Amino acid sequence: ERIGSATSLSSAIVNTRLQELVKLFKERTEKVKEKLTDPDITSDDESPATSPAKPPPEPAPVPPPAGEPEGDKPAGDEHYCEMLCCTFKYRPWLDRLKNYRFPSSIDPLTNLMYVLWLFFVVMAWNWNCWLIPVRWAFPYQTPANIHCWLFVDYLCDLIYLLDILVFQTRLQFVRGGDIITDKKAMKENYMRSQRFKMDMVCLLPLDFFYFKVGVNPLLRFPRCLKYMAFFEFNNRLEAILSKAYIYRVIRTTAYLLYSLHVNSCLYYWASAYEGLGSTTWVYDGEGNSYIRCYYWAVKTLITIGGLPDPKTLFEIVFQLLNYFTGVFAFSVMIGQMRDVVGAATAGQTYYRSCMDSTIKYMNFYKIPKAVQNRVKTWYEYTWHSQGMLDESELLVQLPDKMRLDIAIDVNYNIVSKVALFQGCDRQMIFDMLKRLRSVVYLPNDYVCKKGEIGREMYIIQAGQVQVLGGPDGKTVLVTLKAGSVFGEISLLAAGGGNRRTANVVAHGFANLFILDKKDLNEILVHYPESQKLLRKKAKKMLQNNNKPKDEKGAPGDPLIIPPKADTPKLFQAALAATGRMGGKGPLAQLRWRLKELRAMQATQVGVGRMAIWFCFLRCQVAALPDCPYGALKDSSPVPPKSPVHRRSPDISHKARTHLQEEIFSKSSDSLVTIRVIPTAQEDEEILAAEISEKEEEKEEK
């Protein structure tokens, strides 16, 4: 038993090792195949190393308990976090922060971190633009809260300073078509720019005048000159937003609100200059001063009316300037808002204009309402599903390389799964992706019909299509879903497969990619190896598609003798018993007759040849000079006794007889005899075939 157990253990080890080797060889074979079909794969991806024995992986080190030394490892190198029942290794956030390296150069067009930094710069700029007028006009800045105002002011100044020293000096720029990333060159480029001059003006240290004139917010007015950062932030943010028009609407509304904000501050300053409550035109000093002044500014700039008349010359001049400024500013805001909304709805406007023109055309030519409704449905679904009517109009403005990149991201995953194109040149597939065009089919639309000449290949992007067949052509054979491909063999017209073999109907709305045969031929001219491979694959796929039809009973050679119904089982049992008993009654004759019928069905080719032979013999007999009126031409011969033989007749042994005499002919081996026997009636004769006993014994065996 021990010897047996040791043998079984060794055999198990050998089997395991053999399985590992087989697995490694399979992996190596697959990688070599990929290397042959795709030359872009580097040599680093070749077969893995087959080491004879792999040591088991070492377990992860477990931290020692608290209070015990860690051996030779210095303390602080390993950090662990215990959570529930598991122990995780992590690095403290302070170490991660210390090890972080700020980039030496920043791409201002694609770096999201730079966009985030611009957001903080714009917030500091908005603080100065909105709060400096309020602190100057309204009595909101008091000695009690002056330290809070100054803290936020100098925090904004720190953001301005970091933007100049850290970020602006690291921005990449283009010179002579090259992207410059050199630190010295980037710093010099920034210092020669107009933005550097404006940034220096923004940080003028006018705050030192606080010691002489007090904390006056107007001394911080140069901080509002950092407007370039605001417009740059708008451009970068609009580039990364999917619906940038929403931000444009918000920004335009902010422009209007800011103009009203400045006007309210000016109105409170004018009221304070004239004296609060001195006349009916000025602010009377009751309620919330900012809200009351803002309400007056809204009525003035929008020219609603209902305001008290100015009394003094200062009030009249101020009101006139306010009206002129309000009309100009409000008209500019309305025009800009119209442009923003128009740009946001430009696609919708184009869609409506196209649809209206099409409806007008159909009404002019009196197109039936059913067709018009289908056209309207196509317009609505195409617009809502794609957001445009024709994708090619959008991509035609892009260069060829960018169109290829977009086509790869959209269509490559689907096209690469097509069995016909697997193993072809990758660049050929890339060229083919640019030729695909998108088409939308409505429910029950025929994508292709049976018998049509196939000139396109279809790839289902969204929706489903049904393949119809059967006697009535309405039976659903299969339903193809998104990602399926059909009609690919028709592109090469291999083996006569360029005709559609079934009807394909859209089941619901279906969005398909179409590749024309003409486009594929233009591409294959430049890839002869791929062309040969495609034709071989198409021919093989066509042969495989035709095999199941032959196996399932496709139309073949017609049967000379139609198949009979199966014999009942009880009757078969009686015939079998008769055969064992050796009887010669009616059942034996029936048994012999059934045996003949089976032999005739099993050897249709032999029966066909026998029928041809009988016809030949009949013509030979009818051609005899002693045969009057060609009686055999109109007579119906009696079926032969045993038509299974395949011997050709020997016409040379045929005897000539006179009228009312028997005519006979024998085969070369004298085993089969054909006789023409006359009857009492002149227009009737009997054609008989006789087989010798030796031939019958051979057939029974």
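Per residue, how much accessible surface does the range 241-389 expose to a 1.4 Å probe? Answer in Å², no decimals.
Values: 9040 Å² over 149 residues.
About 61 Å² of surface per residue is accessible.
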Extension gain residue 385-residue 30, at 0.36 nm per residue separation less the Cα-Cα distance, in nm?
123.7 nm
Over the range 103-240, with every protein chain in place, what whole percent of the accessible area is carbon and sulfur at 1.4 Å, could you tell me?
71
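So, by mean Cβ neighbours within 10 angstrom, what's the order for 462-470, 301-309 with the highest one leading? Mind dumping the intermediate values first?
Working: 462-470: 17.3, 301-309: 11.3.
Packing order, densest peptide first, comes out as 462-470, 301-309.
Against the empirical 2.2 N^0.38 Å scaling, what ratio does the C-alpha Rg of the range 103-240 come to?
Working: Rg = 17.0 Å, N = 138, 2.2 N^0.38 = 14.3 Å.
For the range 103-240, the normalised Cα radius of gyration comes out at 1.19.
How high is the relative contact order of the range 241-389, in percent, counting Cα pairs under 8 Å that sit 6 or more residues apart?
Details: 97 pairs, mean separation 31.8, N = 149.
Over the range 241-389, the number comes to 21 percent.
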Per the 1.4 Å probe, what fraction of the accessible area of the range 400-545, in percent, lies on carbon and sulfur atoms?
50
What order do you get for 136-146, 203-213 when each peptide is scored by the mean count of other beta carbon atoms within 10 Å, highest first?
136-146, 203-213
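State which entries of 33/536; 481/536; 31/417 exceed 21 angstrom in Cα-Cα distance in the structure shown. Walk me through the intermediate numbers first.
Working: 33/536 18 Å; 481/536 27 Å; 31/417 18 Å.
The pairs that break the limit, which is 21 Å between Cα atoms, are 481/536.
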Percent relative contact order of the range 366-460, based on C-alpha pairs within less than 8 angstrom and at least six residues apart?
31
Find, among the trypsin sites (Lys or Arg not before Pro) in the range 340-390, those assigned to loop by DSSP (not H, G, I, E, B) with at most 13 other beta-carbon atoms within 10 angstrom.
366
Order 103-110, 173-180 from most to least packed using the mean count of other Cβ atoms within 10 Å.
103-110, 173-180
Any idea what the relative contact order of the range 400-545 is, in percent, if you count C-alpha pairs under 8 Å spaced at least 6 apart?
31
³J(HN,Hα) across the range 461-476 via Karplus (A = 6.51, B = -1.76, C = 1.60, θ = phi - 60°), whole Hz, x for Gly/Pro?
8, 8, x, 9, 10, 10, 9, 9, x, x, x, 8, x, 10, 7, 7
Other-chain or far-sequence residues with amide H under 5 Å of residue 462's (modelled H):
511
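Can you classify the range 400-545 as rounded, prolate or oblate using the Cα gyration tensor, where a ≥ b ≥ c are the square roots of its eigenvalues, rounded means a/c under 1.5, and otherwise it's prolate if a/b beats b/c and oblate if not? Kindly include the intermediate steps, with their values, before the conclusion.
Numbers: a/c = 2.18, a/b = 1.31, b/c = 1.67.
Oblate is the answer for the range 400-545, as a/c is 1.5 or above yet b/c matches or exceeds a/b.
What does the charge add up to near residue 221, with Lys and Arg as +1, Asp and Glu as -1, over the other residues with Cβ less than 13 Å from its Cβ?
Numbers: positive: 135, 220, 223, 226; negative: 153, 207.
Counting the neighbours of residue 221, the net charge comes to +2.
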Heavy-atom surface of the range 400-545, accessible at 1.4 Å and reported per residue (Å²):
52
Check residue 283: other-chain or 5+ apart residues with amide H under 5 Å from its amide H, H built from backbone geometry?
271, 277
Treat each spin label as a single point 7 Å out from the Cα along the C-beta direction, and report the residue 119 to residue 201 distance in nm.
3.0
Just add up the charged neighbours of residue 520: K/R +1, D/E -1, any other residue whose Cβ is under 11 Å from the Cβ of residue 520.
-2
Using the Kirkwood radius over Cα pairs of the range 253-354, the Stokes-Einstein translational diffusion coefficient at 20 °C and 1.002 mPa s, in µm²/s and rounded to a whole number, is 140
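What net charge is computed for the residues neighbouring residue 453, neighbours being all others with C-beta under 12 Å from the C-beta of residue 453, Lys and Arg scored +1, Asp and Glu -1? Numbers along the way, then the final one.
On the way: positive: 449, 450, 455, 499, 500, 517; negative: 452, 456.
That sum, taken over residues with Cβ under 12 Å, equals +4.
Within 10 Å of each candidate Cβ there may be at most 15 other Cβ atoms; applying that plus a DSSP loop requirement, which trypsin sites (Lys or Arg not before Pro) in the range 222-285 survive?
In loop regions of the range 222-285 (DSSP not H, G, I, E or B), the sparsely surrounded trypsin sites (Lys or Arg not before Pro) are 243.
The values are calculated or read from the model by the stated rules, or taken from the named source; none is laboratory data. Just so it is clear, the model here is predicted, and its values are computed rather than measured. All Cβ positions, glycine included, derive from the backbone under ideal geometry; neighbour counts span all protein chains shown. Ligands, DNA and RNA are excluded from the accessible area calculation, which covers all protein heavy atoms including side chains. Shrake-Rupley method; radii C 1.70, N 1.55, O 1.52, S 1.80 Å.
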